[in-house]
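Take a look at the structure set out below.
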Amino acid sequence: MKLKVSVIGTGYLGATHAACMSSLGFEVIGVDVDAAKIELLTAGRVPFYEPGLEDLLQKEIASGRLTFTTDLRAIADVDVHFICVGTPQQPNSLAADLTYVDAALDAVAANCKPGSLVVGKSTVPVGTAARLRERLLKINPKADLAWNPEFLREGFAVEDTLHPNRLVVGVTNDAAENKLKEIYASNLAENTPWVRADLPTSELVKVAANSFLATKISFINAMAEVCEAAGGDVTVLAKAIGYDPRIGSRFLQAGIGFGGGCLPKDIRAFMARAGELGADQALEFLREIDSINLRARQRVIELVRKDLSDNLAGKKIAVLGAAFKPDSDDVRDSPALDIAAQIAAAGAVVTIHDPKAIAPAKKRFPALGFSEDIEGALKGADLVLHLTEWKVYRELDPAKMAKLVANPIMIDGRNALDREAWIAAGWKFRALGRAN
């Protein structure tokens, strides 16, 4: 008989994990304190955009294996409980806010049966899992806790959950590992790499991975600054060094930097925790990584002023993209939306288009202008900013777009457009890290 599973927290991570666990044949209960979110999920609707997830959710609800509730008593006979709540950055601090993780642990501990396994998936500062396990055993001595960090990419979350490139489990005994092997049997059958670790190492794996990716992105953006100063081309530089197998080409696309709900807050929380442990000097380089990332946004604004005027009052600027990355409606710490807001604050008339993120962007910056269609955003624009590399923008016809704008000036903040095609259509074309 298959194990019964609960997922505590039904945000981006939790809703995806619940639907995917159900698709593997487990009986799954998703639990959240937000009644409106539970009602939405029960109706088969996802409160955010993630390709393929809503279809999967509806299929699993129809199967009868997947249910959602606000009642913690529903988990009383569940075998494995996944904690998938958020760990946002604390106000006025770099550190992670563990309020939701602590509350979820206490709620599960008070309601789970003896012998059940609590599995943390949230990204937490190292040392949290050991503390929570001690707390769990005081409340429910016959339960146990393991840590199983998530490595989801927004836009590919379903695929990454069902077919991960590795599984990392932090455990203190064989029984916990064996139960997780039962949960992930289908992945093990596909020869997915399995890494058993202690609790602190499993926590560090996630933040170390995110820190490395952030470093790679900021490295190529730093090279873009040097290329601009020296008259070089960062796209050619990235292509050349990417052929080195020790470096690789992934995450070497210079642009306006990283954002979203993970990388920025995770590297900041990592620095804060290192400081608490007395190892702050080891991660001092992450402060510069964060600084380079934020500076990339300012460099785009400098290009806007260079092409138009130091005084942007009344200038009409079209912004293509609001989400922090394509195939997502996530605008948390979005470089695109941050740049748009700063330009608007300088007096420009900004109109934003995004295929999926207009609603959340409006919620965050209601004073900005938005257009449901690309043509409406570009009409009469003095300058166009390409800030999120959606496929629909790469497929635009530069000649047709030139007829809509007042001045055909394009700043490609993602180095993703066909530069030659836009120049051939009469556009003045700029991009970070290339001769302009």
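Brief remarks on what is shown
- Filter result for GLU50 (touching a Phe, Trp or Tyr at 6+ places or on another chain (Cβ under 9 Å) and free of Cβ contacts under 8 Å to residues at least 24 places away in the same chain): no
- Only one entry of ARG133, ARG166 meets the criterion of being in contact with a Leu (Cβ under 6 Å, 6 or more places away or on another chain) and of a type in the set (D, E, K, R), and that entry is ARG133.
- Only listed residue being among the aliphatic types (A, V, I, L, M) and under 30 Å from THR388 (Cα atoms), chosen from LEU162, LEU137, LEU145: LEU162
- Taking the range 48-85 as the range and being on the phi < 0 side of the Ramachandran plot, assigned to a loop (DSSP other than H, G, I, E, B) and either exposed (fewer than 14 other Cβ atoms within 10 Å of the Cβ) or polar (S, T, N, Q) (or both) as the test, the residues that pass are THR70, ASP71, ALA76, ASP77.
- Residue within the range 282-289 that is within 30 Å of VAL158 (Cβ to Cβ), assigned to a helix (DSSP H, G or I) and either of a type outside the set (Lys, Arg) or over 22 Å from the mean Cα position of the chain (by Cα) (or both) present: yes
- Among the residues of the range 22-38, those identified as part of a helix (DSSP H, G or I) and out of contact with any Lys or Arg (no Cβ under 9 Å at 6 or more places or on another chain) are ALA35, ALA36, LYS37, ILE38.
- Looking only at the range 86-102, residues that are in contact (Cβ under 8 Å) with a residue 12 or more places away in the chain, surrounded by fewer than 18 Cβ atoms within 10 Å (Cβ to Cβ) and not in a loop (DSSP other than H, G, I, E, B) come to 1 in all.
- The conditions of being on the phi < 0 side of the Ramachandran plot, under 23 Å from the mean Cα position of the chain (by Cα), in the same structural domain as ILE83 (by TED's automatic domain parsing) and modelled with pLDDT of 95 or more are met by LEU162.
- Screening GLY25 on (1) within 24 Å of PRO149 (Cβ to Cβ); (2) crowded, with 16+ Cβ neighbours inside 10 Å; (3) not charged (D, E, K, R) shows it passes everything except condition (2).
- Identity of the residue in the range 234-291, out of contact with any Ser or Thr (no Cβ under 9 Å at 6 or more places or on another chain) and hydroxyl-bearing (Ser, Thr, Tyr), that ends up farthest from ALA435 (Cα to Cα): SER249
- Applying the condition of being out of contact with any Asp or Glu (no Cβ under 8 Å at 6 or more places or on another chain) and of a type in the set (Lys, Arg) to the range 296-338 and asking which residue is nearest to PHE429 (Cα to Cα) yields LYS306.
- Any chance LEU337 is crowded, with 17+ Cβ neighbours inside 10 Å, modelled with pLDDT of 95 or more, within 20 Å of the chain's Cα centre (by Cα) and not assigned by TED's automatic domain parsing to the domain that holds PRO51: yes
- Failed condition for ALA146, given (1) surrounded by fewer than 22 Cβ atoms within 10 Å (Cβ to Cβ); (2) not in a helix (DSSP H, G or I): (1)
- None of ARG434, ARG414 is modelled with pLDDT under 95, surrounded by 19 or more Cβ atoms within 10 Å (Cβ to Cβ) and either outside the structural domain of THR351 (by TED's automatic domain parsing) or among the basic types (Lys, Arg) (or both) except ARG434.
- Subset tally (residues that are under 20 Å from VAL350 (Cα atoms) and part of a helix (DSSP H, G or I)) for the range 290-329: 12
- When the range 387-436 is filtered for residues that are over 24 Å from GLU302 (Cα atoms) and either touching a strand residue (DSSP E or B) at 6+ places or on another chain (Cβ under 8 Å) or not hydrophobic (A, V, I, L, M, F, W, C) (or both), the ones remaining, listed by number, are LYS391, GLU395, ASP397, LYS400, LYS403.
The values are calculated or read from the model by the stated rules, or taken from the named source; none is laboratory data. Since the model is a prediction, treat every value here as computed from it, not as a measurement. Methodologically, a virtual Cβ is constructed for each residue, glycine included, from the backbone with ideal geometry; neighbour enumeration extends over all protein chains shown.
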